[in-house]
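Please treat every number below as a calculation from the coordinates, not as lab data. Given the structure is predicted, the values throughout are model-derived calculations rather than measurements. All Cβ positions, glycine included, derive from the backbone under ideal geometry; neighbour counts span all protein chains shown.
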Amino acid sequence: MSRTDPFCPEELDQHGFLDQRVMVRQPRTGYRSGADTVLLAAACPAKPGQRILDLGCGAGVATFCLATRVEGLTLHGLEVQPAYADLARRNAADLGLAMTVHEGDVASPPARLRETQVDHVIVNPPYYDATASTPTNDPGKDCAFRTTAPLAVWIDAALRRLVPGGWLTLVHRTECLPTLLAALEDRAGAIAILPLASRAAKTADRLILRARKGAATPLILHAPFVMHEGERHKGDSDPLSKAATRVLRDCAALVF
């Protein structure tokens, strides 16, 4: 089940990203973008004038963060939930950005998107399999977190939309790395993996993966990107690491 009816004003609140550079409306109780979304946008090596596709764009936060850092991009998004697609369009208009939001499933994209080729695809697929995890109480959030489409379908959809030499940038759970690599085999190379750890002494439970369509360059595994200072969690005011502050607050690119 997914969210179909447009959000009413009372269902939304205003949330700021990149130190308030990007102000968007998000559902109070539905799916809400967070740090992973901003890191995904920061890791995309886009250049001015290039074409971007955000698969599963939600309210559009990753696209808007990327467009804030890199000017002159042509923006596309694909979203399966009509309510979130509508919200992405409204947010884009509020920000003065031209974004084409296509509605449809990643496993069967609409014809207009199938005719579109881009230089970069960014994607934050649902982290959990619908058959192997517990549903959430909100249908919109549940659709965003749990998917019936295998990761290989998301990778295939991304690679089909990329021009030769185009880049895929993705954030996901670390334990899914074998599945991601298998889906990319013989189709993309120059793979770079950046583990994401909450603290220096913690295991990285998420990663950012970047790959280039048609490349054959060997894989590189980087040292973890550490989100917070200190050895243990002390509350909501835990200080970000200097590197995380540059990316999440100062709109810096995540270079690796």
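Between THR179, THR169, THR68, where does the largest GNM mean-square fluctuation fall for the chain, given springs only between Cα atoms within less than 10 Å?
The residue that fluctuates most here is THR179.
Taking the Cα centre as origin and putting +1 on Lys and Arg beta-carbons and -1 on Asp and Glu beta-carbons, what dipole magnitude results for the chain, to the nearest 20 debye?
Around 620 debye, computed over the chain.
For the range 1-132, what's the relative contact order in percent, using C-alpha pairs closer than 8 Å and at least 6 residues apart?
27 percent.
Given Cα pairs under 8 Å that are at least 6 residues apart, what percent is the relative contact order of the range 35-246?
That works out to 16 percent.
I want to verify a result. In a Gaussian network model of the chain, Cα cutoff 10 Å, which of these has the top mean-square fluctuation: ILE191, ILE220, ILE155?
Highest fluctuation among the options: ILE220.
Along the positive direction of the dipole of the chain (beta-carbon charges: Lys, Arg +1; Asp, Glu -1; about the Cα centre), which of ILE191, TYR31, LEU151 reaches farthest?
ILE191
Roughly how many nanometres apart are two label points built 7 Å out from the Cα toward the Cβ at GLU10 and VAL255?
Each label point lies 7 Å from its Cα, and together they span 5.0 nm.
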